[in-house]
Amino acid sequence: AFHSSVRRFLPLDQFLLRLGPGSMSKLGECPTGEATKIDGNFVIGVCMSVVADVVVAVALAITKLAHNRNWDAVEKRGRKPYTKLPLWWLGITLTAGGELGNLFAYGFAPAAVVAPVGSVGVL
C-alpha cells in the first residue's frame with residue numbers, strides 16, 4: 001500500500017540497540033543496566049533549573065514593568081523606543097542569563113527533569 005520510496009522506521013527499542021556502545025540495552029533501562037541513581041550532578045542540575053526559572057520569571061516581570069512605565073495612555077503608544085529603556089535592557093539581560101542557566105542545567109540533569117521544572121513557571 002505504501003510507495004516503495006517510503007522508508008520504514010524501526011521500533012524504538014531496535015533503534016536504541018543500533019546506536020552503539022553506551023546506548024540503552026533495552027527500552028527503559030540504563031546503559032549499565034542499573035537503576036538510575038540520584039547523584040550530586042542531578043541535584044545541581046535541578047537546583048540550577050529552579051534558580052534559572054525564577055530568574056526568567058523575575059526578568060519577564062521587569063520587562064513588562066518597563067513597557068508599562070513607558071506606555072502613554074493618551075497617545076496610546078510608547079513614549080520612547082523600548083530599546084532605549086535601561087529597565088527593559090535589565091529584563092532582557094536577566095532573561096538571557098536565566099535561559100543560559102537552564103542550558104547549563106541540561107548538562108547536569110536529564111531533559112526529562114529540567115524541562116518540566118521550567119514548565120512550572122508557565123502556571
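Can you name the residue in the stretch 113-123 that is part of a helix (DSSP H, G or I) and closer than 13 Å to Ala57 by Cα and is also most open to solvent (accessible area, probe 1.4 Å) among such residues? Step through it out loud before you land on a result.
From the stretch 113-123, those part of a helix (DSSP H, G or I) are 113-122; that's our starting set.
Subsequent filtering for residues that are closer than 13 Å to Ala57 by Cα retains 117-122.
Numbers: Val117: 37, Gly118: 26, Ser119: 62, Val120: 91, Gly121: 62, Val122: 123 Å².
Restricting to residues being part of a helix (DSSP H, G or I) and closer than 13 Å to Ala57 by Cα, the top hit is Val122.
Name the pairs whose Cβ atoms lie under 6 Å apart, with the first residue in the stretch 45-68 and within 26 Å of Ala111 (Cβ to Cβ) and among the acidic types (Asp, Glu), the second in a helix (DSSP H, G or I) and open to solvent by 40 Å² or more (accessible area, probe 1.4 Å), and 6 or more positions between them or separate chains?
That search, which allows pairs on different chains as well, returns Asp53/Gly121.
The values are calculated or read from the model by the stated rules, or taken from the named source; none is laboratory data. Just so it is clear, the structure is predicted and the values come from calculations on it, not from any experiment. Positions of Cβ are backbone-derived with ideal geometry, glycine not excepted, and every protein chain shown enters the neighbour counts. Side chains are part of the model used for accessible areas, which takes the heavy atoms of the whole protein and leaves out ligands, DNA and RNA. Shrake-Rupley method; radii C 1.70, N 1.55, O 1.52, S 1.80 Å.
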